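Step one of this worksheet: look at the structure below.
The values are calculated or read from the model by the stated rules, or taken from the named source; none is laboratory data. Please read all numbers here as calculations on a predicted model, not as lab measurements. We place every Cβ from the backbone using ideal geometry, glycine too, and count neighbours over all the protein chains shown.
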């Protein structure tokens, strides 16, 4: 049974059968899939300091965004990188994907590493995003995760996929 349908997600309640045969009623959230990109420029990378209304605070995170209907992950990664940072990448390498919270959602985020950056205005920023682009030394990323400066899960996973940290 559908509980809610919006532009970017829908929520349903349904009976599921677990592998052990037990049936339970569960709520499942179905957002659009998304991408996260780590733009690397030499020994530095570009992160966002972005306001997130759900937690009412600014956090550091990798550029990311929702896939539009019919858009492939690579297309989304190129578009979102330009929209959020003002830079395009000549090289975009796939780094796998993650399920964000498989206990209640099927959301999948595709991970990318972007290199050979150049300024671009092909896409404009979204009006509802409050973003500051911040250059960070790659050598500082692990410490920023350890000390709680970076707390965004998709960004931490992306670091691991790119650098094995």
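Below is a table of values for the structure above.
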{"read-out": "Test: residue in the range 34-53 that is over 24 Å from residue 140 (Cβ atoms) and at pLDDT below 95", "value": "yes"}
{"read-out": "Output for the range 41-57, where each listed residue is in a strand (DSSP E or B) and without any contact (Cβ under 8 Å) to a residue 40 or more places away in the chain", "value": "52, 57"}
{"read-out": "Identity of the residue in the range 123-133, farther than 23 Å from residue 100 by Cβ and in contact (Cβ under 8 Å) with a residue 60 or more places away in the chain, that ends up surrounded by the most Cβ atoms within 10 Å (Cβ to Cβ)", "value": "133"}
{"read-out": "Flag for residue 101 being surrounded by fewer than 17 Cβ atoms within 10 Å (Cβ to Cβ), touching a residue at least 40 places away in the same chain (Cβ under 8 Å) and farther than 21 Å from residue 133 by Cβ", "value": "no"}
{"read-out": "Verdict on residue 143 being surrounded by fewer than 17 Cβ atoms within 10 Å (Cβ to Cβ) and either closer than 15 Å to residue 37 by Cβ or in contact with a helix residue (DSSP H, G or I) (Cβ under 9 Å, 6 or more places away or on another chain) (or both)", "value": "no"}
{"read-out": "Condition broken by residue 24, with the remaining ones in (1) surrounded by 11 or more Cβ atoms within 10 Å (Cβ to Cβ); (2) in a strand (DSSP E or B) satisfied", "value": "(1)"}
{"read-out": "Check on residue 143, out of contact with any strand residue (DSSP E or B) (no Cβ under 9 Å at 6 or more places or on another chain) and modelled with pLDDT of 95 or more", "value": "yes"}
{"read-out": "Selection from the range 58-97 of residues that are assigned to a strand (DSSP E or B) and within 14 Å of the chain's Cα centre (by Cα)", "value": "59, 60, 61, 64, 65, 66, 94, 95, 96, 97"}
{"read-out": "Some residue of the range 104-113 being more than 22 Å from residue 8 (Cα to Cα), in contact (Cβ under 8 Å) with a residue 12 or more places away in the chain, in contact with a strand residue (DSSP E or B) (Cβ under 6 Å, 6 or more places away or on another chain) and surrounded by 20 or more Cβ atoms within 10 Å (Cβ to Cβ)", "value": "yes"}
{"read-out": "Enumeration of residues in the range 46-62 that are more than 14 Å from residue 151 (Cα to Cα) and crowded, with 16+ Cβ neighbours inside 10 Å", "value": "46"}
